[in-house]
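Here is the structure we will look at, set down as structure tokens.
The values are calculated or read from the model by the stated rules, or taken from the named source; none is laboratory data. Bear in mind that the values here come from a model prediction, so they are computed numbers and not experimental data. FYI the Cβ positions are ideal-geometry reconstructions off the backbone, even for glycines, and counts take in every protein chain you see. To get the accessible areas, we keep the full protein, side chains included, count just its heavy atoms, and leave off ligands, DNA and RNA. Shrake-Rupley method; radii C 1.70, N 1.55, O 1.52, S 1.80 Å.
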Amino acid sequence: MSAGARQKPRPRLNLAVQYAVSATGKPSRAQFRRWVNAALEHDARITLRIVGQAEGLALNHNFRAKAYATNVLTFVLHDKPPFEGDLVLCAPVVASEARAQKKTLAAHYAHLTVHGVMHLQGYDHENSRDAARMEKQETRIMAQLGYADPYEVQPA
């Protein structure tokens, strides 16, 4: 870097982590903070909540009219910097998917956290071009965190 070049300051993060369920292997607050910071492009205020099956189902039903609990939900409260929103991770779904995809629980939580933070900042996967852009960015972030490509299918 040249003497006159300035490094962009790290985005500021206000993160609250809530554990609404006791689940085996759930990440620590420090792990979540590391993963959120890795995906953060702008200042943000985020509440990250780990929930059980019942709360995950209720939220997905009430806000997306889906009759199942999903792995991660992102609720955007403010869609411009500083971004503000809630991420909800459903512990039983995350654990089940990690087993099915032959991933470590930490790797899957990391990916879903990164994925949710990216949604909070305006990324989406509604069309193939946007999906490819988002997946490429997620894969880059996961590699920086020391994890494998989350979209690569693991051998059986």
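Atom-type composition of the exposed protein surface of the chain places 51 percent of the accessible area on carbon and sulfur (1.4 angstrom probe). Counting only alpha carbon atoms, the long axis of helix 29-39 and the longest principal axis of the chain meet at about 60°.
Rounded to the nearest 5, the antiparallel percentage of DSSP beta bridges internal to region 1-119 is 30%.
Placing +1 on the Cβ of every Lys and Arg and -1 on the Cβ of every Asp and Glu, with nothing else charged, gives the chain a dipole about its Cα centre of roughly 460 debye. Full extension of the chain segment joining H42 with S128 gains 28.5 nm, where the gain is 0.36 nm per residue of separation less the Cα-Cα distance. Of the GluC sites (Glu not before Pro) in region 38-143, the ones in a loop by DSSP (not H, G, I, E or B) with at most 14 other beta carbons within 10 Å are E126.
Using only helices, what value at 222 nm comes out for the chain when you add -39,500 (n - 2.57) per DSSP H run of length 4 or more and divide by the total residues, to the nearest 500 deg cm²/dmol?
Working: 5 runs with 66 residues, N = 156.
Helix-only estimate at 222 nm: -13500 deg cm²/dmol.
Treating cross-link reach as a plain straight distance, find the aspartates and glutamates whose alpha-carbon is under 20 Å from the alpha-carbon of K136, omitting any fewer than eight places away in the same chain. Straight-line reach from K136, under 20 Å: E41, D124, E126, D149, E152. The count of lysine pairs in region 1-127 that are at least 8 places apart or cross chains, and whose C-alpha atoms lie under 29 Å apart, stands at 7. Taking all protein chains into account, the per residue accessible area for the chain stands at 58 Å² (1.4 Å probe).
Above 21 Å, the calculated P(r) of the chain contains 47 percent of its Cα-Cα pairs.
Here's the picture: charge each Lys and Arg Cβ at +1 and each Asp and Glu Cβ at -1 in region 46-87, and of I46, V76, G56 the one pushed furthest to the positive end of that dipole is G56. Hey, got the dipole for region 68-120? About the Cα centre, +1 on K and R Cβ, -1 on D and E Cβ, debye to the nearest 20? Value, rounded to 20: 300 debye.
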